[in-house]
1. When the helices in chain A are scored as -39500 (n - 2.57) per DSSP H run of 4 or longer and the sum is shared across all residues, what 222 nm value do you end up with, to the nearest 500 deg cm²/dmol?
2. If you average the alpha carbon positions of the range A:48-108 and of the range B:224-262, how far apart do those two centres end up, in angstrom?
3. I need the per residue convex hull volume for the protein assembly as shown, using only the alpha carbons, in cubic angstrom as a whole number.
4. Mind checking which helices in chain B clear 27 Å along their axis (Cα) and have mean Kyte-Doolittle hydropathy of 0.5 or more, DSSP H runs only?
5. Please list, by residue number, every one of the trypsin sites (Lys or Arg not before Pro) in the range B:1-107 that is coil in DSSP and has at most 12 other beta-carbon atoms within 10 Å.
6. Filter the cross-link list A:115/A:185; B:239/B:276; B:142/B:239; A:43/A:202; B:130/B:221; A:202/A:232 down to pairs whose alpha-carbon distance in this structure exceeds 21 Å.
7. So how far, in whole Å, is the C-alpha centre of the range A:114-175 from the one of the range B:23-46?
8. Taking the dipole about the Cα centre of chain B, with the C-beta of Lys and Arg at +1 and of Asp and Glu at -1, give me whichever of B:92, B:175, B:136 is farthest to the positive side.
Amino acid sequence: MTALLEVDDLHVAYGGIQALRGVSFAVDEGQVVTLIGANGAGKTTTLRAISGLVKPTRGNVRFAGKSLLGVAPHRIVARGLSHAPEGRGIFANLSVEENLDIGAYLRTDKAGVAKDREHALTLFPRLRERLQQNAGTLSGGEQQMLAIARALLARPRLLLLDEPSLGLAPQIVALIFQIVKQIAKEGTTILLVEQNAHMALKVADVGHVLEVGTLVTSGPAAALAADDAIRKAYLGVH
Amino acid sequence: MTKFVQLLLQTLTLGSLYALIALGYTLVYGILRFINFAHSDVVTFGAWIAFAIAGALGWASTGSPVFAMPVVMVLAMAASAALGFTIERLAYRPLRKAPRLNVLITAIGVSLLLQNAGQLQALFGKDPVKMPRLLSEAPLFKLAGVQVPWVDVVLVVLTIALVIALQWLVFRTKLGQAMRAVSWSEQTAALMGVPVDKVVSITFMIGSALAAAGGVLYGLKYRQLNQTADALWMLLGLKAFVAAVVGGIGNVRGAVLGAVLIAFIEVFGAGYVSSKMPDLFVFGVLIVMLLFRPAGLLGTPTVEKV
Ligand SMILES: Nc1ncnc2c1ncn2[C@@H]1O[C@H](COP(=O)(O)OP(=O)(O)OP(=O)(O)O)[C@@H](O)[C@H]1O
Ligand SMILES: [Mg+2]
């Protein structure tokens, strides 16, 4: 069986800066895989390369067996890959409802969209009360909820989440991760990028540690969480 | 009173022309954050192509049928939309990720190209022409002693209809939603499945079609079409641009409000203060606005897009 997502020897450079130097990993259908690492390790770059926002200088990305190289970002979405970007990327000039609509932009199955929208609002009831509100007026936590809900409206086979915990209070982080777990349980495959290794390794099946553009450690999430070196470097345990 | 009504009527017609042109500047700025300096040349092209179409269809002389004006208008708008599409595709799209200054210089280059190409004998030529009278200049009704001609009424009513249609498109349709999303962030819009290039193309086409409507109506009202590089066209475009900035560039309602305000100041300034330098008032308003409210009347102060 081939994996749902295969990232193979991925190299990305920004001008002269080599951000990724040969990253390879796979995500199987139904898994939650996390990519952890410090600031500037290349986590966001990896997701952007998968989504087609940056062009790799070398290597390949395959999704459901087909290469994504050279495919425009909006066509990648059409193939079943949805990306909630770092910093949430909420359209602050649109209402909450319109943000959700945009998430389903490519879908034509009205009934299916209505059902998924209902489901997303059940996962994030706070959004329901704020549908008509301008999305820019939401709190950080609510914006993150909207970013995830919006990404779900594309009905993705694979959901890419870039630092959903960024800048949020611990209770909100806990709430968000609980919902990420729920989404995974309902059958969506997830590739989760996090600096919050503690939370990420709790929800993930598999973890990879990224350091300055290369994967240094990989393994079952539970094993990584128990690894002394990782505990020291990423979990703040001394 | 008669003078006042006369000036008011002038404000409405001139404001309508400015509004149609200003909308193109504001739409393109709203979505790409750049000033399309070639926009006023699309206005000129729209007016001239309408003249050419009317001639080709045999409506150059008097006594053209009533449907002549709508037919010429629709064809000129379509031709200008095609021109706008081509300009974006060939000149601006390759520079989408280049520094803004490069795009600006390219836009000036496109403008010069259109101004000079238009003077070729094979295109519109060097000599001014008289636009055929496709709209009656006969009075439709009389208001406080002022004869209101057909052409003025059609001009204002058509502008209002186009503005309402645009407003509906931008705020009530899926395409409009996509346009607003791209305006906020091209990349995030792409991540949602929005075909950004297509949305940008359509935006240019809509802006260019509205510019053509402005150009054609200008021709029908003032009748005289100067050659494409004439300063008159540039001034028309420039004042519409000022209207867009004063209203808050990027804001559709702002462009209309700014257009009416600029026309009001120009017309009433000339009518009651001094008829020597009406443009002085227009650019005076621009300077005052830039000093005290740089985001414009309806614009929200925003941080520069990164
Ligand atoms: N647009 C860009 N231009 C130039 N360099 C960039 C750009 N984006 C990222 N980089 C560089 O690439 C490297 C990887 O950045 P990336 O954003 O992928 O890191 P990250 O792991 O997501 O970090 P963080 O946890 O802070 O989000 C960094 O050195 C960064 O400075
Ligand atoms: Mg990052």
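Read the figures in this text as sums done on the coordinates, not as results from a lab. Here the structure is a predicted model, which is why all the values come from computation and not from measurement. FYI the Cβ positions are ideal-geometry reconstructions off the backbone, even for glycines, and counts take in every protein chain you see.
1. Per the formula, -10500 deg cm²/dmol.
2. So the two Cα centres are separated by 38 Å.
3. Roughly 183 Å³ of hull volume per residue.
4. B:2-32, B:68-87, B:150-172, B:196-222
5. Those satisfying the criteria are B:97.
6. Over 21 Å Cα-Cα: B:142/B:239.
7. 36
8. Of the listed residues, the answer is B:175.
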